[in-house]
Amino acid sequence: MANSKINSAFELLLNEANDLCIGTEVLEVFNIPKPIEFAREYYAKQRPVVFRNVLSSWKALQKWNGDYFREHLGQKLVDVAVTPNGYADGLATRHQDNKEYFVLPLEEQITMESFLDHLDDAMGAVYYIQKQNSNFSLDFPELTEDIDTSLLDFAQHCFNKPPDAVNFWMGDEKAITSMHKDPYDNLYCVISGHKDFILFPPHCLPWIPKRLYSTGVYKRNDETKKYYIEPLLQTHYNENNDVISYGPEPLLTEWISIDPLSPDLEKYPQYSKIQPLHVRVNAGDLLFLPNYWYHHVRQSHKCIAVNFWYDMEYDSRYCYYRMLEDLAASKATG
């Protein structure tokens, strides 16, 4: 009976959202908005929008590409994520136990020149600069003058705070970001190439399957050069937050179970109730992606992007979302 009522409430939520056209489109705008317009029309309503070709004055659009980086940053050390399949922070099956894991990438530090060489190796592993620690601000100070952040003042005035992180992205076309959500309002700026986003609004949560997975990390055999998944164990701390032991229980990570590129509707029939939004963000475009929107991302080869993360406001919407999470979890276990 309780699950039946929860299901009815979920159906009401989805039907009402669709009837009110909430989360049913990605808007396109061809100019930079005024701060009040951005706040009213997009931020307050949590509507994703692509501002087309508004970054055309950035020097980065004319300068940044593989040849430029090879000439000017060739010997610079960069942090890269390496995977055999292109999915860093995604699901993969470990052949030793035929079990699905949430797998972290192998992390290496190599020269920019070596990174670009790997991108040109179509048969090799997948390399991606994707460290989400404000790596643009910390690791690429020589590139900051190519980005005119005053164009983003409309958002800064709305958020009333500086970005929590500014990240640099460049990688192989085989590099795919599996579906997830972030607690950030996101300004995503494509500099070269394009990014293809698949989006779902936060209220689709009850129909997006997720569960806990054992966590692993990719390692590479020094002799065979083959990649394998090494399981990670739970870390135990004392009262001073010092590490005292590992395991024996596995480290668990909650992750989305379905691949929107090839959804298994036999296993997850509830997913068929929701409709994905598709949007391509081209060089010179700026995507505003509101917090907690689910997104899956593909890219063109050697695509370059910079994104600005603004920490979300933990207001009543967050409280309602947490309630929705709890109800969905209760239904799944009930």
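The values are calculated or read from the model by the stated rules, or taken from the named source; none is laboratory data. Values in this document were obtained by computation on a predicted structure and should not be read as measured data. Here the Cβ is made from the backbone with ideal geometry for all residues, glycine too, and neighbour counts use every protein chain on show. Just so you know, the surface numbers come from the protein's heavy atoms only, side chains and all, with ligands and any DNA or RNA stripped out. Shrake-Rupley method; radii C 1.70, N 1.55, O 1.52, S 1.80 Å.
Brief remarks follow.
A quick yes/no check of all residues on (1) within 15 Å of the chain's Cα centre (by Cα); (2) assigned to a loop (DSSP other than H, G, I, E, B); (3) more than 15 Å from Asn133 (Cα to Cα):
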position	(1), (2), (3)
Cys158	no, no, yes
Trp169	yes, no, no
Glu173	no, yes, yes
Thr177	yes, no, yes
Val190	yes, no, yes
Ile198	yes, no, yes
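- Listed by first and then second residue, the pairs with beta-carbon distance under 8 Å, at least 6 apart or on different chains, first residue in the stretch 12-37 and touching a residue at least 40 places away in the same chain (Cβ under 8 Å) and open to solvent by 90 Å² or more (accessible area, probe 1.4 Å), second in a helix (DSSP H, G or I) and among the aromatic types (Phe, Trp, Tyr), are Lys34/Phe154.
- Checked against the criterion of being hydrophobic (A, V, I, L, M, F, W, C) and touching a His at 6+ places or on another chain (Cβ under 9 Å), the candidates Val297, Val306, Val243 yield just one match: Val243.
- Any hit, the stretch 273-281, residues being open to solvent by 50 Å² or more (accessible area, probe 1.4 Å), modelled with pLDDT under 95, more than 30 Å from Phe115 (Cα to Cα) and over 21 Å from the mean Cα position of the chain (by Cα): no
- Qualifying residues in the stretch 209-230 (those that are part of a strand (DSSP E or B) and of a type in the set (Lys, Arg)) - the one surrounded by the most Cβ atoms within 10 Å (Cβ to Cβ): Lys210
- Among the residues of the stretch 242-258, those identified as modelled with pLDDT of 95 or more and in a loop (DSSP other than H, G, I, E, B) are Leu251, Ser257, Ile258.
- Those residues of the stretch 29-75 which are of a type in the set (S, T, N, Q) and more than 21 Å from Asn282 (Cβ to Cβ), in sequence order: Gln46, Gln75
- Remark: Lys210 matches the filter, which requires a residue to be in contact (Cβ under 8 Å) with a residue 12 or more places away in the chain, closer than 23 Å to Asp97 by Cα and under 23 Å from the mean Cα position of the chain (by Cα).
- Contact map, the stretch 176-188: residues that are among the small types (Gly, Ala, Ser) paired with residues that are part of a strand (DSSP E or B), Cβ distance under 9 Å, separation 6+ or inter-chain. Pairs shown: Ser178/Tyr87; Ser178/Gly90; Ser178/Leu91; Ser178/Trp255; Ser178/Ile256; Ser178/His296; Ser178/Val297.
- Cβ separations smaller than 9 Å between residues 6+ apart or across chains give the following pairs from the stretch 87-100 residues that are closer than 12 Å to Ser214 by Cα and open to solvent by 60 Å² or more (accessible area, probe 1.4 Å) to residues that are modelled with pLDDT of 95 or more and aliphatic (A, V, I, L, M): Thr93/Ile229; Glu100/Leu91; Glu100/Ala92.
- Per the listing Arg322, Arg298, Arg317, the residue uniquely open to solvent by 20 Å² or more (accessible area, probe 1.4 Å), out of contact with any strand residue (DSSP E or B) (no Cβ under 9 Å at 6 or more places or on another chain) and in contact (Cβ under 8 Å) with a residue 60 or more places away in the chain is Arg317.
- Matching residues in the stretch 98-113 - criterion: being over 18 Å from the mean Cα position of the chain (by Cα), in a strand (DSSP E or B) and either charged (D, E, K, R) or closer than 18 Å to Asp79 by Cβ (or both): Lys99, Glu100, Glu108, Gln109, Ile110, Thr111
- Taking the criterion of being closer than 18 Å to Leu151 by Cβ and either open to solvent by 40 Å² or more (accessible area, probe 1.4 Å) or out of contact with any Leu (no Cβ under 8 Å at 6 or more places or on another chain) (or both), the residues of the stretch 42-69 that qualify are Tyr43, Arg52, Asn53, Ser56, Ser57, Lys59, Leu61, Gln62, Lys63.
- Boolean, Asp185 is buried (at least 20 other Cβ atoms within 10 Å of the Cβ) and either modelled with pLDDT under 95 or in a strand (DSSP E or B) (or both): yes
- Count - residues of the stretch 101-146 that are β-branched (Val, Ile, Thr) and either open to solvent by 70 Å² or more (accessible area, probe 1.4 Å) or closer than 23 Å to Val297 by Cα (or both): 3
- Residue list for the stretch 63-86, restricted to those being acidic (Asp, Glu) and over 30 Å from Lys210 (Cβ atoms): Asp67, Glu71
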